[in-house]
Amino acid sequence: MTFLRLLKKSPFSARVGLGMILLNIFAAVFAPYIAPHAETEIVGDVWMTSGEDHVLGTDHLGRDMFTRLIYGARNTITIAMLITLISFTVGIILGFLAAVLGGWADQVFSRVVDIMMAFPTLIFALMVLSVLGTSVPVLIVVIALLDSTRVYRISRALAMDIEVMEFVEAARLRGEGIWWIITQEILPNAMPPLIAEFGLRFCFVFLFISALSFLGLGIQPPTADWGGMVRENSGAITFGILTPLWPAAAIAFLTIGVNLMADWFLQRSGRIRQEQE
Amino acid sequence: MNNISSMIAKRMGLGFATIIVISVLIFLGVEALPGDLAEAILGQQATPETVEAFRKELKLDLPPHVRYFSWLGDFLRGDFGNSLANGRPITGLIGWRLSNTLFLAASTAVVAVPLAILLGMLAALYRDTWFDRLVSVSTLSAVSLPEFFVAYVLIAVLSVRLGLFPSISSISDEMSLGEKIHGIMLPCLTLTLVSLAHIMRMTRATIINVLNSPFIEMARLKGIRQSRIIIRHAFPNALSPIINVVVLNLAYLVVGVVVVEVVFVYPGLGQLLVDSVSKRDIPVVQASGLIFACTYVFLNLLADVLAIIANPRLRSET
């Protein structure tokens, strides 16, 4: 209910963003019911242009593009969400611990993160994938850990500010443990900027897996995935067929939606968006 | 003066240490392979004898630290060993591609940096007008767009519809500079559009920040024109963060070319890296990864050093 009340006061751009996100979630959840065909079913010729049977035409193997797009929403969003959740869990726990414990724990975590961030993320991921091979679990763990360095930085900074406040001091004097201080005192107060950050990180992760899939090193076919679909159909563009643009536009649509929402949250939590990456 | 040089020396020492740690990580990454490199490459059908012989060839029979130092020594001498995929020396493979990648990144920087700074200054000058709002909306969406989306839209419009530029940027040494520039027009444009947003936003933000300081108020009270205030008074003082963000974006460019190179089948280092990862040609991955990482660390270092030099306030800090 509070969310609905908040939404009433929200600017137009945030509502548009929310609509765009909901549309994607709807497609992801109800994929088998909305999609006119099965995920890998071959229904026509190669690269048919859009007609009444196939709203967006067919892909390089003659599968229905609209169906693939809807299943792609399901696969790509689920994996990106999972990665962002893991990255936030790891990043927040380590960041808060570093701020609360201080001393050597802070030093060790921060130096490791410094080194990981000195390395370009895409190159790091490519090197790890070349050694471990590309499979979905490897992909999830590798990207989540790489991304958690950014979450670590921001949650450590947030916790540093909160940690010196009186109510944390009071909790310490009461004899509360570290876990209590982290979950009951720091986390609720760090929530608004972290939610905005979650949106931004999700976008980054989403674009990142899409880029990896586009390079052929992410989610592997025949699983429908937007980045991979752009790659598979890229040949069509030279014939003037716009098929590869649909999944690429779907990626842009979702990330713009999330960005619009995150932007509103950032303004609400009264923080200027940090220039990073 | 002593202060700056000691700060710079400290920062350079840190950069050097980072590169050493990265090289160790890259080396150890391969060590972490289940089994070892020889087994991984030869597959399960290989007899123990061939695995043993191959191990000798890769010098896998030596202890790790010996191999690390000989690998690093060879690397510093410019000898990267041989590719596993075709047995050719990696140095020859990489040299030409590296120069292509740098050519693409440099041409993009020449276009993108002045344009971004100019647009950022204009947005600061016409703050809160429709122009400013247009700039901020387009930069927000530019950050959200995947590079390949921008690339394919450009191909569909400029290459297929209008036939202005080739959709595949193959370049060779025989081509003249003009032909080369015509060839890389689309990847260059894609990278420009993608990297424009950051520099523009930073320029706008820092200039607006400086515009709020007392000396600008003074200049305004003297009756100086707004455009002159921005160019002569605000811009020099905003230079340090702008230089910083420009160099960081160059670092991004060198790495971000990977996807764009693949879209346009451009013979650069990024394309080689991606190919080698999918072929699991690990020596090539190690070499090109280390080159990318070094370039990235070096440009980040440069950004910090330039920011220290350009910022008078940092100079007095101890």
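Before moving on, here are some points about what is shown:
- Residues satisfying the stated conditions in the stretch B:1-37, i.e. among the small types (Gly, Ala, Ser) and modelled with pLDDT under 65: B:ALA32, B:GLY35
- Scan the stretch A:211-247 for residues that are within 9 Å of another protein chain (Cβ to nearest Cβ), open to solvent by 10 Å² or more (accessible area, probe 1.4 Å) and without any contact (Cβ under 8 Å) to a residue 40 or more places away in the chain and the total you get is 7.
- Residue in the stretch B:181-204 that is touching a helix residue (DSSP H, G or I) at 6+ places or on another chain (Cβ under 6 Å), at the interface with chain A (Cβ under 10 Å from one of its Cβ atoms) and open to solvent by less than 50 Å² (accessible area, probe 1.4 Å) present: yes
- Looking across B:SER138, B:SER170, B:SER159, one residue alone is under 25 Å from the mean Cα position of the chain (by Cα) and within 13 Å of chain A (Cβ to nearest Cβ). It is B:SER138.
- Restricted to the stretch A:1-41, the set of helices (runs of 4 or more DSSP H) holding at least 3 residues that are under 22 Å from B:SER141 (Cβ atoms) comprises A:12-29.
- When the stretch B:94-106 is filtered for residues that are open to solvent by 30 Å² or more (accessible area, probe 1.4 Å) and either touching a residue at least 60 places away in the same chain (Cβ under 8 Å) or more than 30 Å from B:PRO241 (Cα to Cα) (or both), the ones remaining, listed by number, are B:GLY95, B:TRP96, B:ARG97, B:LEU98, B:LEU102, B:PHE103.
- Of the helices (runs of 4 or more DSSP H) lying entirely inside the stretch A:65-177, those containing at least 3 residues that are open to solvent by less than 20 Å² (accessible area, probe 1.4 Å) are A:65-101, A:103-118, A:121-132, A:136-163.
- Those helices (runs of 4 or more DSSP H) of the stretch B:262-318 in which 1 or more residues are at pLDDT below 85, in the same structural domain as B:PRO146 (by TED's automatic domain parsing) and surrounded by 24 or more Cβ atoms within 10 Å (Cβ to Cβ) occupy B:269-279, B:282-310.
The values are calculated or read from the model by the stated rules, or taken from the named source; none is laboratory data. Small disclaimer: the values here were computed from a predicted structure and weren't measured. Using ideal geometry, Cβ is built from the backbone for each residue, glycine included, and neighbour counts are taken over all protein chains shown. We work out accessible area using only protein heavy atoms, side chains counted, and drop any ligands, DNA or RNA first. Shrake-Rupley method; radii C 1.70, N 1.55, O 1.52, S 1.80 Å.
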